[in-house]
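For reference, the structure is listed below as structure tokens.
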Amino acid sequence: MRTGPGFPIERPRRLRGSAALRRMVAETRLHPADLVLPMFVKEDITAPVPVPSMPGVVQHTLDSLLKAGHEAVEAGVGGLILFGVPSTKDGRGSAADDPEGVVQVALRHLRSEFGDSTVLMADLCLDEYTDHGHCGILVPESGTGPAGTGGPGGSGPGWAVDNDATLERYADIALAQAAAGAHLVAPSGMMDGQVGAIRSALDSGGFGRVGILAYSAKYASAFYGPFRDAAECAPRFGDRSGYQQDPPNLAEALREVRLDLDEGADAVMVKPALAYLDVIRRVRDEVDVPVAAYQVSGEYAMVEAAAARGWIDRERVITETLTSIRRAGADIVLSYWATEAARRLH
Ligand code: PBG
């Protein structure tokens with residue numbers, strides 16, 4: 001680092017003397033287009049259902065989804081990402097790729113409403129659709145064989161997520177979401193090879209234009225708690241540590257990112273955001289594609305809960321957290337505050 005003349009010649013406070021000065025020298029800027037709004041859409045409800053652990057967030061009806069979508073688009077957010085809450089669940093998550101499944105219906109509505117004027121994304125996973133709540137197809141744990149064939153999986157006593165059987169499901173879901181109008185599909189299940197399987201399915205299905213935003217470095221995090229209420233997808237047993245990343249690991253995140261790019265990911269994501277800012281920075285420094293970060297449900301809930309008690313200044317904390325995620329290197333931030341924050345930026 002260059003050494004300067006030092007104090008009293010150098011006085012960094014000079015550049016902090018007014019709001020205008022601080023604005024001019026700000027190194028990181030938030031823009032509405034950098035923000036993506038995650039939205040939950042639930043089948044068979046007649047009014048939006050509030051999510052108790054996420055004040056201000058609801059499970060949408062089709063109508064309220066469209067309305068909230070308009071508000072987000074008018075505020076200038078970069079895009080919307082959809083999560084479905086189906087009425088019926090089964091072992092293979094059949095509703096996930098049903099053309100009449102809740103996300104597909106919602107995508108068709110949003111696409112005909114918005115065309116290409118915003119970016120429509122769909123979370124591509126099975127956990128919202130399976131009766132066991134895991135992100136893939138479960139098989140009895142054999143204790144032998146490679147992980148891909150139902151070997152040791154760590155998904156729960158006696159059960160493992162079969163990696164390769166799950167890939168076939170993901171390929172079908174990608175086709176259903178693409179056919180329904182998704183601009184980008186966002187695989188979040190952390191199966192090995194998922195990006196490649198989805199890319200080849202999309203290409204052979206005539207959806208070469210549909211991109212993949214890969215949740216590449218998705219950690220087995222306690223910050224997803226409120227989401228599992230919102231999406232009604234808590235695992236019935238076991239946890240996701242057999243497929244999601246272990247929080248202590250950084251090099252492993254870079255490996256996951258490299259594999260996803262090799263398989264054709266158009267953009268990569270780190271998730272959660274605030275507890276993984278170092279991972280965001282390292283990924284940003286390593287790759288030449290857009291990097292997204294997901295400010296997840298638990299990050300949202302913590303701030304809302306503390307603010308509701310008057311313990312923190314809600315708006316300032318929201319802006320500060322979003323700014324820190326951008327400063328760490330994220331080009332795109334998924335946030336439940338996307339619409340509100342975008343409005344404030346005008
Ligand atoms: C999986 C998925 C999850 C989230 C996004 N996609 C849940 C999980 O992995 O348990 C969490 C998002 C959040 O907490 O806001 N489909």
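Structure notes:
- Taken as a whole, the condition of being at pLDDT 95 or above and not basic (Lys, Arg) does not apply to Thr3.
- The number of residues in the range 26-58 being open to solvent by 60 Å² or more (accessible area, probe 1.4 Å) and either touching a His at 6+ places or on another chain (Cβ under 6 Å) or farther than 30 Å from Gly298 by Cα (or both) comes to 1.
- Positions within the range 115-131 being within 13 Å of the ligand (Cβ to nearest atom) and either of a type in the set (Gly, Ala, Ser) or surrounded by fewer than 22 Cβ atoms within 10 Å (Cβ to Cβ) (or both), in sequence order: Ala122
- Qualifying helices (runs of 4 or more DSSP H) (wholly inside the range 216-311; at least 3 residues being away from the ligand (no atom under 16 Å from the Cβ)): 251-262, 277-286, 297-308
- Residue among Val103, Val77, Val73, Val85 that is among the β-branched types (Val, Ile, Thr) and without any contact (Cβ under 8 Å) to a residue 60 or more places away in the chain: Val73
- Qualifying residue in the range 26-47 (condition: more than 23 Å from Glu304 (Cα to Cα) and more than 32 Å from the chain's Cα centre (by Cα)): no
- Candidates Phe237, Phe223, Phe227, filtered to the one that is touching a residue at least 24 places away in the same chain (Cβ under 8 Å), open to solvent by 50 Å² or more (accessible area, probe 1.4 Å) and under 16 Å from the mean Cα position of the chain (by Cα): Phe223
- Yes/no for Arg314 being closer than 26 Å to Ala231 by Cα, basic (Lys, Arg) and either modelled with pLDDT of 95 or more or open to solvent by 40 Å² or more (accessible area, probe 1.4 Å) (or both): yes
- Meets criteria (part of a strand (DSSP E or B) and either modelled with pLDDT of 95 or more or closer than 21 Å to Leu107 by Cα (or both)) for Ala201: no
- Of the residues making up the range 146-156, at least one is at pLDDT below 95 and more than 21 Å from Gln245 (Cβ to Cβ).
- In the range 281-306, the residues that are β-branched (Val, Ile, Thr) form no Cβ pair under 6 Å with any partner that is assigned to a strand (DSSP E or B) and within 9 Å of the ligand (Cβ to nearest atom), whether six or more places apart or across chains.
The values are calculated or read from the model by the stated rules, or taken from the named source; none is laboratory data. Note that the structure is a prediction, hence the values are computed from the model and not measured. Neighbour counts run over all protein chains shown; Cβ positions are idealised from the backbone, glycine included. Protein only, heavy atoms only, side chains kept; ligands, DNA and RNA dropped before computing areas. Shrake-Rupley method; radii C 1.70, N 1.55, O 1.52, S 1.80 Å.
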